[in-house]
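This report concerns only the one structure given below.
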Amino acid sequence: MAILIKNGTLITASETFEADILIEGERIEMIGRNLGHPNAEIVDAAGKLVMPGGIDPHVHLDLPMFGTVSSDDHYTGHKAAAFGGTTTVMDFVVLEDKGFQYSVDIWMKMAEKAAIDYSFHMNLTRFDEKIAGEIPFLPGMGITTLKVFTAYNGRLRLDDGSIFKALRIAKDNGMLVMAHCENGDVIEMLVSEALAAGHTAPEYHALTRPGWGAVEATMRLAAMAGQANSPVYIVHMNMAGEVDMLKYARERGVPVMGETCPPYLFFTIDDLRKLDGAKWICSPPMRSKEDNARIWEGLSDGILQTIGTDHCPFFYDGTKPIVYEGGEVAIPGKELGKDDFTKIPNGLPGIQDRMPVLWTYGVRAGKITANQFVAYMSTNPAKIFGLYPRKGALIPGADADVVIWDPAKKVKYGVAMSHQRTDYNLYEGWELTGYPEKVFLRGEMIVDGNVWMGKRGSGKFLKRGEGQVL
Ligand code: URP
Ligand code: ZN
Ligand code: ZN
């Protein structure tokens, strides 16, 4: 059955124009004025905006951590994403002792219930000759990205020499290294000192992970990328100084790109000082108002390339069940660290919040344009991660992942509106103007207002190719 979306205002990463979209099967067939079709279902988008489906390049569904697991799985997280206008997500495979294929198989199995399209990055949390020899096989599995960590000593961190080797191997194989930038050695020392002094409150999570470590590690990664002549993508940028380092390196031709996440635009260490401060615990932590402001500038000025969520939700109080799809669910969460900040699972909900919150507080507030919004939310991730133009584009031949956005819809946002499977929302009570009205995934309507029309198992694994350096 063909679908004809009529009379909408299309917003792409570079243009805004009036046009109709004809969808045949899973693809966009035609875009133009006054399109007709003998038996297409007509969807009237008069007064509405029409954008490519969002692409969230950074999520953690079903991620084991601190004896529990992130509370959205590959169905509930996808459903929440779709309600927020996102139709593709990229998760991170945990590297098991048995190697890449074994680890990917675990993630593939968990994602059998996928409700939107998805792909995987590979966490490179161990490095030796054997692993190095296996990296070139990852693109054959559709995985063209490796995440490295400069923190989490003894668990996830790689030393600089191994990161440098990984950058070279990535370059030779058309892959991209993504980097979590903090200083693991400094963190270890400060955490031990804080605990020895009896400092157990959530704010010590931020105080023991200083911003200078993020700035220094970002510059270190950029410098290594420059020396290896290999691109690097800095995930979850949170410090003003990181934006400065990104600008400095990019102006000198280093192929470095940066992602931020919405909480780093709005929240600060003061939020961790609240009675319910554990709700804001993630790594890297919340910083200062000055950092929020500089990251906004980095978006306005085009220094940064993407906005991901780092969605990794935990219940605030996992001893009390919530009702999700008619059943009660309780998953141990932030309460695990009520007496010790080092035991609070790290991560925040945000997969549904990203686009609606950034529309009101970014586009409507005049901080980014509607076209930048589409670039950061969809087109740039598609290009960087090798999905363009199948995803991230409103052009004939692209997957018909389309969001019809009602720019006039006012909502009071919060946990009651959210399909994220957790008991709190960071944007509780925030007034939003502009919200997704209908969401299509490869030509199927999966969200219609408040109604969920998506299905478990209908999301496809996307084998990604080589991406672009933006
Ligand atoms: O606190 C966070 N961000 N948890 C997810 C893991 C990571 O480092 O991205
Ligand atoms: Zn990270
Ligand atoms: Zn993450």
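Go through the range 422-433 and give me each residue that's in contact (Cβ under 8 Å) with a residue 60 or more places away in the chain, open to solvent by 40 Å² or more (accessible area, probe 1.4 Å) and part of a loop (DSSP other than H, G, I, E, B).
423, 430
Which ones in the range 128-152 are open to solvent by less than 40 Å² (accessible area, probe 1.4 Å) and among the hydrophobic types (A, V, I, L, M, F, W, C)?
131, 132, 135, 138, 141, 143, 146, 148, 149, 151
For residue 308, indicate whether it is in contact with a Pro (Cβ under 9 Å, 6 or more places away or on another chain) and either open to solvent by less than 20 Å² (accessible area, probe 1.4 Å) or within 15 Å of ligand 1 (Cβ to nearest atom) (or both).
Yes.
Among the residues of the range 353-360, are any open to solvent by 20 Å² or more (accessible area, probe 1.4 Å) and either modelled with pLDDT of 95 or more or within 16 Å of ligand 3 (Cβ to nearest atom) (or both)?
No, the conditions are met nowhere in the range 353-360.
State all residues of the range 148-204 that are in a loop (DSSP other than H, G, I, E, B), away from ligand 1 (no atom under 16 Å from the Cβ) and among the charged types (D, E, K, R); if no residue qualifies, say none.
Within the range 148-204, just 159 meets the criteria.
Go through the residues of the range 434-453 one by one and say whether even a single one is open to solvent by 10 Å² or more (accessible area, probe 1.4 Å), basic (Lys, Arg) and within 19 Å of the chain's Cα centre (by Cα).
No, because not a single residue in the range 434-453 is open to solvent by 10 Å² or more (accessible area, probe 1.4 Å), basic (Lys, Arg) and within 19 Å of the chain's Cα centre (by Cα).
Going residue by residue through the range 241-248, is there one that turns out to be within 16 Å of ligand 1 (Cβ to nearest atom), open to solvent by less than 10 Å² (accessible area, probe 1.4 Å), at pLDDT 95 or above and among the aliphatic types (A, V, I, L, M)?
no
Quick one: what pairs do we get from the range 314-325, first residue more than 19 Å from residue 280 (Cβ to Cβ), second charged (D, E, K, R) and open to solvent by 30 Å² or more (accessible area, probe 1.4 Å), C-beta under 8 Å, 6+ apart or different chains?
Short answer, once both residue conditions are applied: 319/335; 320/423; 321/328; 322/328; 322/421; 322/423; 324/421.
Go over the candidates 73, 62, 56 one by one and state the one that is in contact with a Leu (Cβ under 7 Å, 6 or more places away or on another chain) and either open to solvent by less than 10 Å² (accessible area, probe 1.4 Å) or in a loop (DSSP other than H, G, I, E, B) (or both).
73
What pairs come out if I take residues in the range 330-350 that are more than 10 Å from residue 200 (Cα to Cα) and open to solvent by 10 Å² or more (accessible area, probe 1.4 Å) and pair them with residues that are part of a helix (DSSP H, G or I) and of a type in the set (A, V, I, L, M) whose C-beta lies under 8 Å away, six or more apart or interchain?
335/278
The values are calculated or read from the model by the stated rules, or taken from the named source; none is laboratory data. Treat the numbers as computed from the prediction; the structure is a model and nothing was measured. Cβ sites come from the backbone with ideal geometry, for glycine too, and all protein chains shown count toward neighbours. Keep in mind that these areas ignore ligands, DNA and RNA; they rest on the heavy atoms of the full protein, side chains included. Shrake-Rupley method; radii C 1.70, N 1.55, O 1.52, S 1.80 Å.
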